[in-house]
Amino acid sequence: MVILGIDPGYAITGFGVVDYNRNRLRVIDFGVISTKANTPFPERLLQIADKIDQLITLHQPATMAVEELFFSRNTTTAIGTAQARGVAILSGARSGIPIYEYTPMQVKLAVAGYGKADKTQVQQMVRVLLSLEQVPRPDDAADALAVAICHAHSGNRSAALARGGYQ
C-alpha cells in the first residue's frame, strides 16, 4: 500500500511517500513544497495544491495521512497553516483517495513508541524504520514520513484494502 504523508504548512509543506507491504516499510519519495514569502497567499495555496496533485498522479497512493494542527501561541501562523492543510486535504479528496488525520501525539507514539517523544527521537526512528543511512532532511520531510509511518501502523487500512492497495 502506498501512503502519502503530509506535514502541512504554507511556507513549507513536507511530503513523504512510503510503501507498506507485508509489515515492511520502504521509502519511495520525500521532500518539501516551498512557497516564497512575497507570493500572494492564494497563489501559495495554489502551488501547494498543484504539487500535491502531481505527487498523487505520480505515486498513485492508496491513502493520504495528514498531520492535525497544534498551535499554542501564534494564531496568524495557525490560520495560514490550517488553510494549507485544507488545500492538501482537498487535493486528496478530489483524487478520491481516503484521507486520515493524526495528531502530533499519535504520530510520535506510532513512530517512537512514546507520545511525548522529542523531534530528534522521532526523526531517528523514521531513519531506522525506513532503513535510511541518514535522517531525512529537511525536518518537514522527515515529519511527513513520520505521518505516513503512523498511518501504516494505525490499522486504518480498510479503505485501502477495498481499493486493492494493501497486501
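Values for this structure:
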| item | result |
| --- | --- |
| Members of the stretch 27-45 found to be of a type outside the set (Phe, Trp, Tyr), crowded, with 18+ Cβ neighbours inside 10 Å and more than 10 Å from residue 11 (Cα to Cα), listed by number | 27, 31 |
| Residue in the stretch 95-105 that is more than 22 Å from residue 32 (Cβ to Cβ) and modelled with pLDDT of 95 or more present | yes |
| Flag if residue 30 is at pLDDT below 95, farther than 17 Å from residue 154 by Cα and within 17 Å of the chain's Cα centre (by Cα) | no |
| Residues of the stretch 138-155 satisfying the condition of being surrounded by fewer than 23 Cβ atoms within 10 Å (Cβ to Cβ) and under 23 Å from residue 22 (Cβ atoms) | 153, 154, 155 |
| Candidates 159, 146, filtered to the one that is assigned to a helix (DSSP H, G or I) and modelled with pLDDT of 95 or more | 146 |
| Filter result (touching a residue at least 40 places away in the same chain (Cβ under 8 Å) and over 14 Å from the mean Cα position of the chain (by Cα)) within the stretch 15-27 | 20, 21, 22, 25, 26 |
| Residue check, residue 12 touching a Ser or Thr at 6+ places or on another chain (Cβ under 7 Å) and in contact (Cβ under 8 Å) with a residue 24 or more places away in the chain | yes |
| Every residue from the stretch 85-101 that is within 16 Å of residue 147 (Cβ to Cβ) and touching a strand residue (DSSP E or B) at 6+ places or on another chain (Cβ under 7 Å) | 85, 88, 89, 92, 97, 98, 99, 100, 101 |
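The values are calculated or read from the model by the stated rules, or taken from the named source; none is laboratory data. Here the structure is a predicted model, which means the values were calculated and not measured. Virtual Cβ from ideal backbone geometry, glycine too; neighbours counted across all protein chains shown.
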